[in-house]
Amino acid sequence: MIGVFSIVQFDSKKKNTVKFPFLGYLGYITTKIFDKFSFLSFLADKLETLRLEERLNHITIKNPIFITGLARSGTTIMLEMLSQHPDVATHQYKHFIMPYIPYIIELLLANLNIQSKTTERIHQDGIQIDHNSPEVVEEMFWQQFFKGSHREDFSDYLGKETTHPQFETFYKNHIKKLLLSQDASRYLTKNNYNITRLEYLLKLFPDARIILMIRNPINQIASLIKQTSLFLHIEYNQPLFQDWLKMIGHHEFGNGLTCINTGDSIIISRIRSLWKNKKTYVTGWAYYWRSIYQYVANQLERNEYIKEATYIIDYDKLCDESEQTIDGLIKFLDLSSNRFNKIKKNYCSRLHKPTYYTPNFSPKELSNIKKITESTANRFGLEL
């Protein structure tokens, strides 16, 4: 199945060799065509929407669920777990084929009865995927409609004053088509970039539920650094990979990494400067972690509406106190707990802190991380 994270793999016979087989090139070319000639994508969307118009008019978007947080905070495992609830619909790897027509893609693949092999995603974090696995797709839409997205010199904040009628009509119709195609009543998505769009999302969907993932900064920074190194290696071996990531809206690692600008361009410049020096590289990541979660903490403190709509999940507690944490979350989301019991038991037995890497910081680096992030971490109840 054509999905960037499911096709690009490491060759088990040749250590550190990246495989980019025929389907990889096919997937890249397909994505490139529809990205370059975006009018084809929007035409396909309009045709599908018109075909389904009568059925879409009877669908209501109720309590959509938005998972967000800085990368490597546990957003993917949260998406994977919640996506198995029978009441929710979410984007999947198969939608990368043509994300603008989710209903047709679902119908087409169901009729063809296509199966795909389960593999570990390229992040090498133990998460197994196939073409039905949930994945971030909607960022492709955001960056199409909001052209300033992912520019470090431009604030990524979208508030209640933001208006974009064309996007809003498209987005709501798209969610309805996804719900219809999967016979579900609730929309679920994971998008780390939504962290600066909470006000706007609640303007569009006043009854939305937001899950904010947070993690001990020492472990999260170690994971961010590991993933960045891994993606740089892949891009070095397969230059097309960076361009593909850019087209599908993944800008979190590798050469294409762009910092989320929460409205403070000065801190972004400082972070970039620190990243250029090996001795201050880790410190730069500490400032980036703080810039994101300090911004969110301020949002929660100043905006009661966002606070009431948001449920904070500490990744460590999700692993250590799984049942209690999951029960609280399911109640907050107003999802059926009975229909989730079997899934919950499975994840309670599976969830654990990563064992495939450990932080390897010097005493000075650890001291800097704690000094820079501690006050913000404490605002979320994290102790360093």
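The values are calculated or read from the model by the stated rules, or taken from the named source; none is laboratory data. Given the structure is predicted, the values throughout are model-derived calculations rather than measurements. Because the Cβ atoms are built from the backbone with ideal geometry, glycine has one as well, and the counts that use them run over all protein chains shown.
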Could you tell me whether residue 232 is part of a helix (DSSP H, G or I), touching a Gly at 6+ places or on another chain (Cβ under 7 Å) and of a type in the set (A, V, I, L, M, F, W, C)? yes
Residue 359 vs. criteria closer than 24 Å to residue 223 by Cβ, touching a Gly at 6+ places or on another chain (Cβ under 9 Å) and either in a loop (DSSP other than H, G, I, E, B) or among the aliphatic types (A, V, I, L, M) (or both): no
For residue 270, work out the one condition from (1) under 18 Å from the mean Cα position of the chain (by Cα); (2) part of a helix (DSSP H, G or I) it doesn't fulfil. (1)
Quick test for you: out of 307, 317, 353, pick the one residue that is within 22 Å of the chain's Cα centre (by Cα), outside any helix (DSSP H, G or I) and of a type in the set (Lys, Arg). 353
In the stretch 269-294, how many residues are under 30 Å from residue 327 (Cβ atoms) and buried (at least 20 other Cβ atoms within 10 Å of the Cβ)? 3
Which residue pairs have Cβ atoms under 9 Å apart, sit 6 or more places apart or on different chains, and have a first residue in the stretch 337-349 that is part of a helix (DSSP H, G or I) and a second that is exposed (fewer than 14 other Cβ atoms within 10 Å of the Cβ) and among the aromatic types (Phe, Trp, Tyr)? none
Of the numbered conditions (1) loosely packed, with under 14 Cβ neighbours inside 10 Å; (2) part of a loop (DSSP other than H, G, I, E, B); (3) without any contact (Cβ under 8 Å) to a residue 60 or more places away in the chain, residue 169 satisfies every one except a single condition; which is it? (2)
Scan the stretch 39-61 and give yes if some residue there is modelled with pLDDT of 95 or more, more than 21 Å from residue 94 (Cβ to Cβ) and touching a strand residue (DSSP E or B) at 6+ places or on another chain (Cβ under 8 Å), otherwise no. yes
So, in the stretch 348-373, of the ones that are within 24 Å of residue 320 (Cα to Cα), among the β-branched types (Val, Ile, Thr) and modelled with pLDDT of 90 or more, which residue ends up surrounded by the fewest Cβ atoms within 10 Å (Cβ to Cβ)? 373
Which count do you get for residues in the stretch 252-267 that are surrounded by fewer than 17 Cβ atoms within 10 Å (Cβ to Cβ) and assigned to a helix (DSSP H, G or I)? 3
For residue 146, work out the one condition from (1) under 17 Å from the mean Cα position of the chain (by Cα); (2) on the phi < 0 side of the Ramachandran plot it doesn't fulfil. (1)
Between 96, 66, which is farther than 24 Å from residue 306 by Cβ, within 15 Å of the chain's Cα centre (by Cα) and surrounded by 22 or more Cβ atoms within 10 Å (Cβ to Cβ)? 96
Looking at (1) touching a residue at least 24 places away in the same chain (Cβ under 8 Å); (2) more than 17 Å from the chain's Cα centre (by Cα); (3) under 18 Å from residue 72 (Cβ atoms), can you tell me which one residue 229 breaks? (1)
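Within the stretch 100-116, can you find the residues that are touching a Ser or Thr at 6+ places or on another chain (Cβ under 9 Å), surrounded by fewer than 24 Cβ atoms within 10 Å (Cβ to Cβ) and of a type outside the set (Ser, Thr, Tyr)? I'd like the intermediate steps shown before the answer.
Within the stretch 100-116, the subset touching a Ser or Thr at 6+ places or on another chain (Cβ under 9 Å) is 100-107, 116.
Restricting the remaining residues to those that are surrounded by fewer than 24 Cβ atoms within 10 Å (Cβ to Cβ) gives 101, 103-107, 116.
Across the stretch 100-116, the qualifying residues are 101, 104, 105, 106, 107.
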Using the structure shown, decide if residue 330 is closer than 30 Å to residue 277 by Cβ and in a helix (DSSP H, G or I). no
Quick one: in the stretch 30-46, of everything that is over 29 Å from residue 199 (Cα atoms) and touching a residue at least 12 places away in the same chain (Cβ under 8 Å), which residue is surrounded by the most Cβ atoms within 10 Å (Cβ to Cβ)? 31
Among the residues listed as 366, 300, the single one being in contact with a Lys or Arg (Cβ under 7 Å, 6 or more places away or on another chain) and outside any loop (DSSP other than H, G, I, E, B): 300
Cβ-Cβ under 6 Å, sequence separation 6+ or interchain: first residue in the stretch 179-198 and among the hydroxyl-bearing types (Ser, Thr, Tyr), partner part of a helix (DSSP H, G or I) and crowded, with 24+ Cβ neighbours inside 10 Å. Which pairs? 181/102
Checking residue 228 against (1) at pLDDT below 95; (2) in contact with a helix residue (DSSP H, G or I) (Cβ under 6 Å, 6 or more places away or on another chain), which test does it fail? (2)
As an exercise: evaluate residue 221 against (1) more than 30 Å from residue 86 (Cα to Cα); (2) part of a loop (DSSP other than H, G, I, E, B) and give the number of the one condition it does not meet. (2)
